[in-house]
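Accompanying notes for the structure given below.
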Amino acid sequence: MAYSTETRVFPINPDNPEAEPIRIAAELIREGRLVAFPTETVYGLGANALDAEAIDKIYRAKRRPASDPVIAHISDMAQLDQLAQNIPPKAYELANAFWPGALTLVLQRAPGIPPNIATGLSTVAIRMPAHPVARALIQAAGVPIAAPSANTFTHPSATTAEHVLTDLRDHVDLVLDGGPTHIGLESTVVDMTGDIPSVLRPGGVVLDDLKTIILDVEMIERYTSESEHTSAPGQMLKHYSPKAPVTLFTGPLYSVLIAMKESCQMHKERGQRVGLLLAEEDCHHLGEVGVVVSLGKRTDLRSISHHLFAGLRELDAQHVDVILARDFGRAGLGAALWDRLVRAAEGNVIKVG
Ligand code: AMP
Ligand code: MG
């Protein structure tokens, strides 16, 4: 059964959060209720990470399968030792380098931590966010906060409070509206429980930066078609999906843009409304062929990342029949962008050139 409630919304200053909304939000968390809040990556749907019943409400609100674990958010290092055990030295090195920030570490779960936070696995994923609202909330609550992205399962993640309300109105007790999130893509998830640290999900902290701290980190790319228990849960191919089907084009840029233009024309001849996710400079190549969302300048992957999920949602709001998107390479944030785009497209990728 879904978690139903009346949703309140409080505006909050993202740089200097006011005490009163934080106090009320923290009280709700301690009571076992759900609070959506901004982090620097995307909005989170938070519950007391030490309260199994509260965590269960997250799954019900998101309509998320019980096989997709959630991340515990902390505000100080003592909470790391509370949640995890047998923490390897490399995990502390990564934490020292990137926390607070967009890095999540998968570690062995400590005894007494609710197993449903990790869908019964023996691990727990932990992140110390940098966003002042997230930090103030965790501190005031006095407990770590379990928080997956605040969207309905398989939808694009929420990067504004409006996105949260579109998906979760009447399924979350309070939304703290601190404006659009900064990074716009989720955290990088690194599994520290094996012999070699492995990136389960590329995200806000890029591989090259991880390698400046630990040399032997590796990237695994694995997508599963259904929700199943694996060591890399949450890697379902269908994820971040807008309502309209997405086709992703990859290859040399010029060939990609020509192929996209041809595809637009074909869809238009069928009477379909086409949505396009492009970089600013691509737009004049394609002209007036469809509803265009410009994500930012070609080389500005921060801007592209920041606008991606909002762009997918915008095209849904415009009721397009199909969405055409293009690859932004694999360097830096490109790896995370590729991962989100492939999954938005449910693997429907066209290689050109
Ligand atoms: P979200 O909170 O929506 O950003 O998604 C959380 C993601 O983190 C999941 O979908 C998994 O990919 C990953 N994750 C969370 N907990 C674990 C865990 N214990 N082991 C492996 N991956 C995890
Ligand atoms: Mg998510």
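The values are calculated or read from the model by the stated rules, or taken from the named source; none is laboratory data. Computed from a predicted structure; not experimentally measured. Using ideal geometry, Cβ is built from the backbone for each residue, glycine included, and neighbour counts are taken over all protein chains shown. For accessibility, only protein heavy atoms count, side chains too; no ligands or nucleic acids. Shrake-Rupley method; radii C 1.70, N 1.55, O 1.52, S 1.80 Å.
Listed values, structure above:
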| quantity | calculated |
| --- | --- |
| Interchain or long-range residues, amide H under 5 Å from Tyr240's placed H | Thr154, His155 |
| As computed over the chain, the Cα convex hull volume per residue (Å³) | 130 Å³ |
| Largest-first ordering by accessible area, 1.4 Å probe, given options Glu281, Glu221 | Glu221, Glu281 |
| Backbone HN-Hα couplings from phi across the stretch 88-97 [Karplus 6.51/-1.76/1.60, Hz, Gly and Pro as x] | x, x, 4, 5, 5, 4, 5, 4, 4, 7 |
| Segment Gln85-Asp195, extension gain: residue separation times 0.36 nm, minus the distance between their alpha carbons | 38.0 nm |
| Modelled FRET efficiency - R0 41 Å, Thr5 with Gln272, Cβ distances, 0.05 increments | 0.60 |
| Label-point separation in nm, Arg63 to Tyr254, each point 7 Å along Cα→Cβ | 4.6 nm |
| Neighbour cut-off at most 15 other Cβ (10 Å), DSSP loop, trypsin sites (Lys or Arg not before Pro), the stretch 38-133 | Arg63 |
| Global form of the stretch 1-140, assessed from the alpha-carbon gyration tensor, a/c cut-off 1.5 | oblate |
| Whether the stretch 122-217 is rounded, prolate or oblate, judged on the alpha carbon gyration tensor where a/c under 1.5 counts as rounded | prolate |
| Of Ile58, Val133, His73, farthest towards positive along the dipole that unit charges on Lys, Arg, Asp, Glu beta carbons give the chain | Ile58 |
| Mean Cβ neighbour count within 10 Å, used as a protection proxy, ranking 339-352, 287-300 highest first | 339-352, 287-300 |
| Overall form of the stretch 279-353 per C-alpha gyration tensor (a/c, 1.5; a/b vs b/c) | rounded |
| Ordering of 238-247, 142-151 by packing [mean C-beta count within 10 Å, highest first] | 142-151, 238-247 |
| Angstrom value of the Kirkwood radius, inverse mean 1/r, which spans all Cα pairs in the stretch 243-289 | 11.3 Å |
| Karplus-derived 3J(HN,Hα), 6.51/-1.76/1.60, for each residue of the stretch 267-278, Hz, glycine and proline x | 5, 5, 4, 7, x, 9, 8, 9, x, 10, 9, 9 |
| Glu27-His284 FRET efficiency (beta carbon distance; Förster radius 35 Å; 0.05 resolution) | 0.10 |
| For peptides 187-195, 259-267, 4-12, sequence by mean Cβ density within 10 Å, most packed first | 187-195, 259-267, 4-12 |
| Spin-label pair Thr212/His319, simplified geometry with 7 Å Cα→Cβ offset, distance in nm | 4.9 nm |
| Amide H contacts of Leu200 (H built 1.01 Å from N, under 5 Å, at least 5 apart or other chain) | Val189, Val190, Asp191 |
| Among Ser157, Ile323, Leu45 - extreme Cα towards positive end, dipole of the chain, charges at beta-carbon | Ile323 |
| Column: log10 I(q)/I(0), Debye, Cα scatterers of the stretch 1-63, q = 0.13, 0.24, 0.30 Å⁻¹ | -0.36, -1.13, -1.40 |
| Reference-scaled alpha-carbon Rg (2.2 N^0.38 Å with N residues) for the stretch 232-338 | 1.03 |
| Per residue accessible area in Å² of the chain, where ligands, DNA and RNA are left out and the probe is 1.4 Å | 40 Å² |
